[in-house]
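Visitor: Could you have a look at this structure, given as structure tokens, before my questions?
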Amino acid sequence: MVWAEGRPGRHELVDGEVFAQASERVAHAKAKLLVALALQDAVRRAGAPCHVLPDGVAVRVDSATVFEPDAQRYRGPELPPDALFVEAPLIVVEVLSPSTGRNDVLGKLAGYFRVASIALYLIVDPDSALVIHHRRGQGSDILTRVIREGDVTLDPPGLVFPHSAIYGDAS
């Protein structure tokens, strides 16, 4: 990610403009960790041939836009240790924060679904025990569910984890 080299901290590229990522609250960091662990656990239980990554590895939307999701799942062979991008993610997750919430809900929703491999985009609210589950539908349709309790079903690829894996007994 040449555009990020030499810059301290984390960055995203949106329409050719570099944006620094704000510092994170503990609630945000904890939600990122728990959703990545929930995804990893679901992959293990299903015996799915795929990989889960926490934040730090980017997804290229196009030549001028690169996002860094808070967690993601991809299939195929494991990426090499020096990879900076996941070329074909299947699931991407963003955890809402006060500084980026509007972009996560609007801009990234449209951007992520421009990536042909992405089937699911989850938005996790660390403050209200809420998962917004977006799934690619037919044509340009995006199907949305709001999950406040029970299971979070990720189909495709057929993974399930309990809402409580992220929020504990708050669900």
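Visitor: Filter the stretch 30-71 down to the residues that are within 12 Å of the chain's Cα centre (by Cα) and in contact (Cβ under 8 Å) with a residue 60 or more places away in the chain, then identify the one that is farthest from Asp82 (Cα to Cα).
Guide: That would be Ala31.
Visitor: Tally up the residues in the stretch 147-157 that are under 18 Å from His51 (Cα atoms) and assigned to a loop (DSSP other than H, G, I, E, B), please.
Guide: Number satisfying all stated conditions: 3.
To keep it simple, each residue is scored yes or no on (1) among the small types (Gly, Ala, Ser); (2) out of contact with any Leu (no Cβ under 9 Å at 6 or more places or on another chain).
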{"position": "Asp62", "(1), (2)": "no, yes"}
{"position": "Pro81", "(1), (2)": "no, yes"}
{"position": "Val86", "(1), (2)": "no, no"}
{"position": "Ile91", "(1), (2)": "no, no"}
{"position": "Ala110", "(1), (2)": "yes, yes"}
{"position": "Ala116", "(1), (2)": "yes, yes"}
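Visitor: Where residues in the stretch 75-99 are under 13 Å from the mean Cα position of the chain (by Cα) and more than 17 Å from Phe113 (Cβ to Cβ), which of them is surrounded by the fewest Cβ atoms within 10 Å (Cβ to Cβ)?
Guide: Leu96
Visitor: Are there any helices (runs of 4 or more DSSP H) wholly within the stretch 23-140 with 1 or more residues that are closer than 17 Å to Leu159 by Cα, and if so which?
Guide: Because the criterion is at least 1 residues that are closer than 17 Å to Leu159 by Cα, the helices (runs of 4 or more DSSP H) in the stretch 23-140 that meet it are 26-46.
Visitor: Select from the stretch 144-161 the residues that are in contact with a strand residue (DSSP E or B) (Cβ under 9 Å, 6 or more places away or on another chain), under 19 Å from Arg73 (Cα atoms) and either touching a residue at least 40 places away in the same chain (Cβ under 8 Å) or among the aliphatic types (A, V, I, L, M) (or both) and list them in ascending order.
Guide: Once the filter is applied, which keeps residues that are in contact with a strand residue (DSSP E or B) (Cβ under 9 Å, 6 or more places away or on another chain), under 19 Å from Arg73 (Cα atoms) and either touching a residue at least 40 places away in the same chain (Cβ under 8 Å) or among the aliphatic types (A, V, I, L, M) (or both), the stretch 144-161 yields Val152, Leu154, Pro156, Pro157, Leu159, Val160, Phe161.
Visitor: Can I ask one more? Would you be able to tell me the number of residues in the stretch 57-74 that are surrounded by fewer than 16 Cβ atoms within 10 Å (Cβ to Cβ) and either over 19 Å from Glu17 (Cα atoms) or of a type in the set (D, E, K, R) (or both)?
Guide: So the count comes out to 1.
Visitor: Another question about this same structure. Looking at the structure I just gave you, is Val160 of a type in the set (Val, Ile, Thr), part of a strand (DSSP E or B) and surrounded by 21 or more Cβ atoms within 10 Å (Cβ to Cβ)?
Guide: In short, no.
Laboratory data are not the source of any read-out in this text; all were calculated from the coordinates shown. All values derive from a computational prediction rather than experimental measurement. We place every Cβ from the backbone using ideal geometry, glycine too, and count neighbours over all the protein chains shown.
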